[in-house]
Amino acid sequence: MQQAEADFDVLPFDADCARAFGSVAAALRVSGRKPAARAYDALIAASAIAHALPLYTCNAADFAGIPRLELRSVTHPGHV
């Protein structure tokens with residue numbers, strides 16, 4: 001964990017992230033998905049949205065349909 005903290009900048013979860021989280025949770029609810037079951041994904045998506053950053057993921061389907069989220073799909077390292 002310490003190496004990861006040294007290699008990457010930690011993004012704060014601030015008021016902008018909290019507002020984005022509300023929007024993400026609402027979008028998940030409207031689409032018929034359960035926000036509580038996707039809470040960590042929703043927090044990650046909200047952080048990316050609030051900080052205006054793309055989200056790189058091996059699981060793009062988990063984040064599909066979230067407004068304002070810029071997704072970048074990557075191949076899982078073990079599945080080249």
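The numbers here are math on the coordinates, done by the rules we state, and not lab data. Worth saying up front: this structure is predicted, and the values here are computed from it rather than measured. No Cβ is skipped: glycine too gets one built from the backbone with ideal geometry, and neighbour counts run over all protein chains shown.
Here are some notes:
- Helical contribution to [θ] at 222 nm, DSSP H n ≥ 4, -39,500 (n - 2.57), averaged over the chain, rounded to 500: -13000 deg cm²/dmol
- Residue exposure proxy: 14, 62, 7, ordered by other Cβ atoms within 10 angstrom of their Cβ from fewest to most, comes out as 7, 14, 62.
- Neighbour counts of other Cβ atoms within 10 Å put 58, 17 in the fewest-to-most order 58, 17.
- Taken about its Cα centre, the stretch 14-73 carries a charge dipole of about 240 debye when Lys and Arg each add +1 at the Cβ and Asp and Glu each add -1 at the Cβ.
- Residue among 15, 50, 61 farthest towards the positive dipole end of the stretch 14-73, charges placed on Cβ: 61
- Ascending count of other beta-carbon atoms within 10 Å, so fewest first, for 8, 21, 13: 8, 13, 21
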